[in-house]
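K.L.:
This is the structure, below, for whatever I ask next.
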Amino acid sequence: MTIAENVQHVQQTIAAARAEAGRTDTVTLVAVTKYHTIAEAQAVAATGLVDLAENRPDGLAEKQAALTAPELKWHFIGNLQKRKVKQVINKIAYLHSLDRLSLAEEIEKRAERPIDCFIEVNVSGEASKSGITLAEVEPFIKSLADFKKIRVIGLMTMAPIDADEATLHVLFKKLRLKRDAVAQLNLAYAPCHELSMGMSRDYRIAVLEGATFVRVGTALFQ
Ligand SMILES: *Cc1c(COP(=O)(O)O)cnc(C)c1O
């Protein structure tokens, strides 16, 4: 299939899952271009998708140099090292991987405007995954109260690659319930209405469980 056909297929799958779940809110398809060429990223953008994601500072810089349309919104989805914050933070619309206070402090120093951030949560507890635990979410968000450059718009997670469907439903639902609990705190700096969850193999289930941003790479480019 062509990239345009893949995009259409993923969008149809998202629409069907939204309908199945009786959802009326929106789901943003974020195209993850990290393993793909500039030409492939341009082909994705040509289909009308405006949300593009990279997971490394160099990859972001390379894609942004080539794709300059002002409507594009760039998402950073990888682990962000402190020393790379300066290079990245004023070039993105969303950070999906805020997971520690030292990173928040560096963002506070380097950002020229408030940054829309997702807190990355390791819902499954896999040792190999980054992210804070579910129990750490509220204390961590409360510790961000005085940061003027951080706006917590939601929570993000990555599911284990070997999780079965039932497990995926459980993990995604846990993140949704935590998102709801944080939203109920009514913190001005942490509205926390969004859920960034779902990748190529599990975005349909993530949408059924309330994802508002899905991060899809492989399924768009295969
Ligand atoms: C690579 C990546 C994705 C996309 O993964 P695919 O399986 O290619 O869809 C999504 N989120 C994060 C954080 C990633 O690193």
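K.L.:
Under a 1.4 angstrom probe, counting protein chains only, how are 51, 164, 116 ranked by accessible area, largest first? All intermediate terms of the calculation are to be shown ahead of the outcome.
P.N.:
Working: 51 10, 164 90, 116 40 Å².
If we order 51, 164, 116 from most to least accessible, we get 164, 116, 51.
K.L.:
Provide the percentage of antiparallel DSSP beta bridges, counting only those with both residues in the chain; round to the nearest 5. Walk me through the intermediate numbers first.
P.N.:
Numbers: 1 of 27 bridges.
The antiparallel proportion sits near 5 percent.
K.L.:
If you don't mind, there's one more thing I want to ask. Given a Förster radius of 45 Å and the C-beta distance between residue 62 and residue 184 as r, what FRET efficiency does 1/(1 + (r/R0)^6) yield to the nearest 0.05?
P.N.:
0.65
K.L.:
Here is a further query. Using a 1.4 Å probe and counting only protein heavy atoms, arrange 109, 82, 149, 63 so the residue with the most accessible area comes first.
P.N.:
109, 82, 149, 63
K.L.:
Kindly report, to the nearest 10 Å², the accessible surface of residue 58 as traced by a 1.4 Å probe over protein heavy atoms only.
P.N.:
Residue 58 has an accessible surface of roughly 90 Å² with all protein chains in place.
K.L.:
Provide 1, 199 ordered by accessible surface of protein heavy atoms (probe 1.4 Å), highest first.
P.N.:
1, 199
K.L.:
Which pairs, out of 109/129; 63/109; 91/129; 73/174; 86/109; 34/63, put more than 19 Å between their alpha-carbon atoms?
P.N.:
Beyond 19 Å between Cα atoms: 109/129; 63/109; 91/129; 73/174.
K.L.:
Still on this structure, please answer the following. Answer with one residue from 143, 220, 38: the one whose Cα lies farthest towards the positive end of the charge dipole of the chain, charges on Cβ with Lys, Arg +1 and Asp, Glu -1.
P.N.:
Result: 143.
K.L.:
How big, on average over all directions, is the shadow cast by the Cα convex hull of the chain, in nm²?
P.N.:
11.7 nm²
K.L.:
How much length would be gained if the chain were fully extended between residue 222 and residue 2, taking 0.36 nm per residue of separation minus their Cα-Cα distance, in nm to one decimal?
P.N.:
78.4 nm
K.L.:
Okay, next question. Restricting to DSSP loop positions (anything but H, G, I, E, B) with no more than 15 other Cβ atoms inside 10 Å of their own Cβ, which chymotrypsin sites (Phe, Trp or Tyr not before Pro) remain in segment 1-95?
P.N.:
Filter output for segment 1-95: 35.
K.L.:
If I require 20 Å or longer along the helix axis, counting alpha carbons, and a Kyte-Doolittle average no lower than -0.5, what helices from the chain are left? Use full DSSP H segments. Mind dumping the intermediate values first?
P.N.:
Values: long enough: 3-20 (25 Å, -0.17); 165-183 (27 Å, 0.01).
Sorted by number, the helices that extend far enough and score high enough are 3-20, 165-183.
K.L.:
To the nearest 20 debye, what is the magnitude of the charge dipole of the chain about its Cα centre, counting +1 on the Cβ of each Lys and Arg and -1 on the Cβ of each Asp and Glu?
P.N.:
580 debye
K.L.:
Could you list, bin by bin from short to long, the percent of Cα-Cα pairs of segment 53-130 in 10 Å steps?
P.N.:
Calculated P(r), rounded to whole percents: 18, 52, 25, 5.
K.L.:
Once you have the alpha carbon radius of gyration of segment 1-51, what is it after dividing by 2.2 N^0.38 Å, with N set to its residue count?
P.N.:
Details: Rg = 12.3 Å, N = 51, 2.2 N^0.38 = 9.8 Å.
With N residues counted in segment 1-51, Rg over 2.2 N^0.38 Å equals 1.25.
The values are calculated or read from the model by the stated rules, or taken from the named source; none is laboratory data. Please read these numbers as outputs of a predicted model, since none were measured by experiment. Heads up, the Cβs are rebuilt from the backbone with ideal geometry, glycines too, and the neighbour counts pull from every protein chain shown. Each accessible area value is taken on the protein alone, full model and side chains, heavy atoms only, with ligands, DNA and RNA left out. Shrake-Rupley method; radii C 1.70, N 1.55, O 1.52, S 1.80 Å.
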